[in-house]
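Peer 1: Okay, handing you the structure first.
The values are calculated or read from the model by the stated rules, or taken from the named source; none is laboratory data. This one's a predicted model, so the numbers in the text were calculated from it and none came from an experiment. As a convention, Cβ positions derive from the backbone with ideal geometry for all residues, glycine included, and neighbour counts pool all protein chains shown. Only protein heavy atoms, including side chains, enter the accessible area calculation; ligands, DNA and RNA are left aside. Shrake-Rupley method; radii C 1.70, N 1.55, O 1.52, S 1.80 Å.
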Amino acid sequence: MEIKITRQKAIKDLVEGVLSIDGGPAMDTLENRCSCLKVGEYHAVMKKCKLYHERRIFILEKDKTGYPHDCEQCKKKALFYPNSALPKRCPMISEGNGVHRRFDGRIIVGKKAAIGLLVNTQATYDCVKERVLEELKEGKEVTIKITRKNKKRKRTV
């Protein structure tokens, strides 16, 4: 299964994009510009997160065999930003209210309501999670491909 994330535009501190699974219907995405993953290919794995106490879709680099940071060493108690106890770096596909003040490499999925605002994030994330879980149970590999939308530039003469 291939999850394709196409980043469409960057506005101030956020990056808007579109996620599609095997070329199917698209969902909108939001990322924090300061902590977004590089363009490239990644693996998707499901593992129980100590911070959220449920299974999450983690994103791993294609050439690595382990997690970007092992959940056993999760520094969820460390203050990463004033008044927020978040893991230092833990890229995952997730639901959420927004990407402001979130520097953990998370990609939030949902339906775009306005610039920088997604709605129905829980329902959208549940659909993605269900599809990924099905594929992984069958023993198939889930690949995440992050690309950037090609900009058409006007030529001035």
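Peer 1: Quick one: what are the phi-derived ³J(HN,Hα) couplings along segment 3-18, Karplus 6.51/-1.76/1.60 with θ = phi - 60°, whole Hz, x for glycine and proline?
Peer 2: 9, 10, 10, 10, 6, 9, 7, 10, 10, 6, 9, 10, 10, 9, x, 10
Peer 1: Sorted by accessible area (1.4 Å probe), largest first, how do Cys36, Cys49 line up?
Peer 2: Details: Cys36 40, Cys49 10 Å².
The residues order as Cys36, Cys49, largest area first.
Peer 1: Be a star and scan segment 16-34 for residues whose amide nitrogen sits under 17 Å from the point 7 Å along the Cα-to-Cβ vector of Glu141.
Peer 2: 22
Peer 1: When only the heavy atoms of the protein chains count and the probe is 1.4 Å, how do Val18, Val119 rank by accessible area, highest first?
Peer 2: Val119, Val18
Peer 1: Related question: Separation between the Arg148 and Ser20 pseudo-spin-labels, each 7 Å from Cα along Cα→Cβ, expressed in nm?
Peer 2: 2.1 nm
Peer 1: Suppose each label sits 7 Å from its Cα in the direction of the beta carbon; what would the Ile11-Phe103 distance come out to in nanometres?
Peer 2: Between Ile11 and Phe103, the label points sit 2.4 nm apart.
Peer 1: For segment 1-49, what is the accessible area per residue in Å², given a 1.4 Å probe and the full set of protein chains? It would help to have the intermediate numbers written out before the result.
Peer 2: On the way: 2290 Å² over 49 residues.
I get 47 Å² per residue for this part.
Peer 1: How big is segment 6-45 on each of its three principal axes, counting only the C-alpha atoms and giving the largest first in Å?
Peer 2: Projected onto the principal axes, the Cα atoms of segment 6-45 cover 30, 21, 14 Å.
Peer 1: Starting from the Cα of Lys9, draw a straight line to each of the aspartates and glutamates and keep only those under 13 Å, dropping any in the same chain fewer than 8 residues away.
Peer 2: Candidates past the 8-residue exclusion: Asp28, Glu31.
Peer 1: Along segment 47-59, what does the Karplus equation 6.51 cos²θ - 1.76 cosθ + 1.60 (θ = phi - 60°) give for ³J(HN,Hα), rounded to whole Hz, x for Gly and Pro?
Peer 2: Per residue, the Karplus-derived 3J(HN,Hα) values read 8, 6, 8, 5, 6, 9, 6, 7, 6, 10, 8, 8, 10 Hz.
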